[in-house]
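Contents: one structure, followed by commentary.
The values are calculated or read from the model by the stated rules, or taken from the named source; none is laboratory data. Computed from a prediction, not measured in an experiment: that's the story for all the values here. So basically every Cβ, Gly included, is an ideal-geometry build from the backbone, and we count neighbours across all protein chains shown.
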Amino acid sequence: VVERLKSISPQVFMEGSMSGELTLRIDSEGASIRVFFGQLIPRFDDCKPTPQQDDGESSSSACTLKLDTKKLLHCLQWQANMTYSVSSGLLCMVENEMLVVHVVLNPASIGFFTYYVPVHFLSNTTQ
């Protein structure tokens with residue numbers, strides 16, 4: 001998916017929420033494309049509730065990142081060759097900081113690898 005998006009736009013927006021939804025989005029002059037991934041399993045380890053969640057609101061934590069499409073594609077190239085060798089994967093999105101992709105190999109005794117992908121800064125009004 002990311003490889004096809006790369007030919008349309010140099011940047012991709014990644015939007016994720018703790019409700020198990022992930023969206024890849026590109027906006028260009030000719031098109032706006034969104035790719036939705038659902039039923040993902042969020043991990044709540046060490047998650048601190050936001051003030052809205054403390055007040056009892058039902059909104060889930062969400063994050064938006066702006067990444068270079070080429071950097072995201074390089075990060076995901078292991079996927080083409082190692083689909084059966086992966087035990088689990090973890091995606092951590094830190095707004096305006098980085099995207100962390102952590103992959104545990106199968107069997108787990110082989111090891112793991114972690115990618116740290118830099119992101120573009122998004123102001124509060126640029127979403």
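Observations on the structure shown:
Table: residues versus (1) assigned to a strand (DSSP E or B); (2) of a type in the set (Val, Ile, Thr); (3) closer than 14 Å to Met14 by Cβ.
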| position | (1), (2), (3) |
| --- | --- |
| Ser88 | yes, no, no |
| Leu91 | yes, no, yes |
| Asn96 | no, no, yes |
| Val104 | yes, yes, no |
| Tyr116 | yes, no, no |
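- Under the condition of being loosely packed, with under 13 Cβ neighbours inside 10 Å and part of a loop (DSSP other than H, G, I, E, B), the residues counted in region 11-43 number 8.
- When residues of region 43-88 are limited to those that are at pLDDT 75 or above and basic (Lys, Arg), the one farthest from Met18 (Cα to Cα): Lys70
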